[in-house]
């Protein structure tokens, strides 16, 4: 049943991630960067995600106890971080540059962890999935299978981010502005859901 558990974890993470929705949410973030920088972002995201899920699988439960935090708190924090980035996009207050304009001097590494890795790609629920799957594993052999599932999931996220760069380069500035608004609405909705779920779980835990 080891392979089955790994497949279940991968499918759960894949469904939670939703590549189509994630691709749309990445568009306004990858726009300022060149193709080579977008490739570095995709590679960095893959590494960050696999490390995040592996930590959840191998040391997630004791780590949460040691730090005194919960997955609900992580989820709510992710919602707040995402909301701060999403509202300007939704309102159209983020300046849109023409294709001939110089790229903004913002290092690609500055967006790799926040918001690309956390909370757009992984968050409290992702961590909880890894911890729950690990808790049901009987030995380290099963956790190795779960680790392979984590690696496969991380590759999916990196490929999705890389494809978003290709999509972004093929749309006009006007379409890009519209997509920014749509992405802003989508991201704000995700942020509200994260906040609601996180605070609800925190209240239920307190009660």
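What follows draws every value from the coordinates through simple rules; no lab data is involved. A quick note: this is a predicted structure, and the numbers were derived from the prediction, not measured. Cβ coordinates were reconstructed from backbone atoms using ideal geometry, including for glycine residues, and neighbour counts include every protein chain displayed.
Structure summary
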item	result
Taking 4, 166 and counting other C-beta atoms within 10 Å, the order from fewest to most	4, 166
The chain: calculated mean residue ellipticity at 222 nm from DSSP helix runs of at least 4, using -39500 (n - 2.57)	-27000 deg cm²/dmol
For the chain: relative contact order, % (alpha-carbon pairs under 8 angstrom, 6 or more apart)	48 percent
Taking 54, 13 and counting other C-beta atoms within 10 Å, the order from fewest to most	54, 13
Computed E for residue 87/residue 8 - FRET, C-beta separation, R0 41 angstrom, nearest 0.05	0.70
Label-point separation in nm, residue 106 to residue 174, each point 7 Å along Cα→Cβ	2.5 nm
Rounded if a/c under 1.5, otherwise prolate or oblate - region 115-159, Cα gyration tensor axes	oblate
Overall Cα dimensions of the chain, principal axis frame, Å, largest first	57, 38, 25
Cβ-Cβ FRET estimate between residue 182 and residue 80, R0 fixed at 30 Å, reported to 0.05	0.85
For region 119-207, the fraction of alpha-carbon pairs in successive 10 Å shells from zero, as %	13, 29, 30, 21, 7, 0
